[in-house]
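Report on the following structure.
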Amino acid sequence: MPTSYFSRSLLACAVVVAVTAALLSPSANANDAPAATAATAKKTEVKKPEIKPVGEASAVVPAAVPAVATAVAPTIATAVPTATATATTTRERRDPLDIVRERLAEKLGAGRSTSSGGSGVIRVISNPSSAPPAVPTPAPAAARSKAYSTHATHTTQATSHSSTAKAAADAHRAAVPDGHSTAAHAAHWDYQGEGGPQAWAQLKNEFATCGTGKRQSPIDIRDGIKVQLDSVQFDYRSSNFRVLDNGHTVQVNVAPGNFIEVTGKRFELQQFHFHRPSEERINGRLFDMVAHLVHKDIEGRLAVVAVLLDRGNAQPLVQAIWNNLPLEKGDEVIARLPLDLNELLPTERSYYTYMGSLTTPPCSEGVLWMVMKTPVTISAEQIAIFSKLYPMNARPIQSGSGRLIKESN
């Protein structure tokens, strides 16, 4: 260690000793001012200790410490009464000597003991358990900013998620009307009640044809003209299918590739569904059920084949559909096995034909109808299964309005 560094350390220790002695000396008072002045005058006469090599440091310490202590002590003693007097007269201004005491206590590892009398005395606390609780170190500004930003982001996200969830719930309530309200029944068509067939035309503007049309279906087929009609060419094949309960009937959606050809036009099967009882009547006769097979050509024109279902033996194709009925309205079940629609057709395929409309809203007209004259049998159990879902879903008979009905020989 260099000699100069060691000498400075000794001087610092001497100063600390002198300050401590002055603080603890009871003899320092206002009457010592003249002595302090004289000591200050002699201060310049103190001989600066000669710096020697490290081996000679032991000779320097004894000479330096008493001399420095002698020179510094009177000066501090003079400052003590002055600082005390100042603190006594002005409590608002902090005593500089208190600052010296606090710094000295920090150097010596002391804590500040709070006194009820407010004397500002510094005491060294030897028991760590009695020390005042440590004040948490404030986080850096950048960390506080990041934490606040993160909290704000999470709060914003939570608010956003909450708002989104609330908006979704409100939208769902708006989209699904209360089933017990009058407005819900008025806005939704049905086969009975306020939304029944007599009110279809008033429910929506696009349903107006249900009340004003002149070629509405179904009709009671009477007085048909027997002519040599072209047979309906069925090009049905085994196809995958899905069963949908749409809230009005059981509907079967089939895979593309099933066609009929009639009057030189080709129509592709879109879907087929059921009604109970049959919507069409033949000379006033009502049947247990009917299946409507809806087709469309490339120009969008519709052709419906109606297969009347009468009580008798079980119908295998109908049973395959019932086996895949959805558990809830609006649900759709994809069947595992394909369906051969030829099984639904009667062996004898003579038919009635006329122009009519859809039998459900919007009751669009311009639909080509072909009603098979020979019904297909269906068991009482199969009828009962459908009746549990839809006891009655048939539109009433509409006026023939003088339209032409053809019947094949």
Quiz item: Scanning for something of a type in the set (S, T, Y), over 19 Å from Q271 (Cα atoms) and open to solvent by 20 Å² or more (accessible area, probe 1.4 Å), does the range 377-385 turn up at least one residue?
Solution: yes
Quiz item: What number of residues within the range 288-297 satisfy the criterion of being surrounded by fewer than 20 Cβ atoms within 10 Å (Cβ to Cβ) and part of a loop (DSSP other than H, G, I, E, B)?
Solution: 1
Quiz item: Within the group F259, F274, F234, which residue is in contact with an Asp or Glu (Cβ under 6 Å, 6 or more places away or on another chain) and at pLDDT 95 or above?
Solution: F259
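Kindly indicate whether any position in the range 261-281 is within 22 Å of Q398 (Cβ to Cβ), without any contact (Cβ under 8 Å) to a residue 12 or more places away in the chain and of a type outside the set (D, E).
no
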Quiz item: Across the range 315-371, what is the number of residues that are open to solvent by 40 Å² or more (accessible area, probe 1.4 Å) and free of Cβ contacts under 8 Å to residues at least 60 places away in the same chain?
Solution: 8
Quiz item: In the range 199-235, what residues are under 30 Å from A335 (Cα atoms) and open to solvent by less than 20 Å² (accessible area, probe 1.4 Å)?
Solution: V232
Quiz prompt | Complete set of residues in the range 217-233 that are in contact (Cβ under 8 Å) with a residue 60 or more places away in the chain, in contact with a strand residue (DSSP E or B) (Cβ under 6 Å, 6 or more places away or on another chain) and within 27 Å of N258 (Cα to Cα) | solution = S217, L229, V232
Quiz item: Got at least one residue in the range 388-407 being surrounded by 15 or more Cβ atoms within 10 Å (Cβ to Cβ) and over 30 Å from A208 (Cβ atoms)?
Solution: yes
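The values are calculated or read from the model by the stated rules, or taken from the named source; none is laboratory data. Here the structure is a predicted model, which means the values were calculated and not measured. Here Cβ is always computed from backbone atoms with ideal geometry, including for glycine, and neighbour counts include all displayed protein chains. Side chains are part of the model used for accessible areas, which takes the heavy atoms of the whole protein and leaves out ligands, DNA and RNA. Shrake-Rupley method; radii C 1.70, N 1.55, O 1.52, S 1.80 Å.
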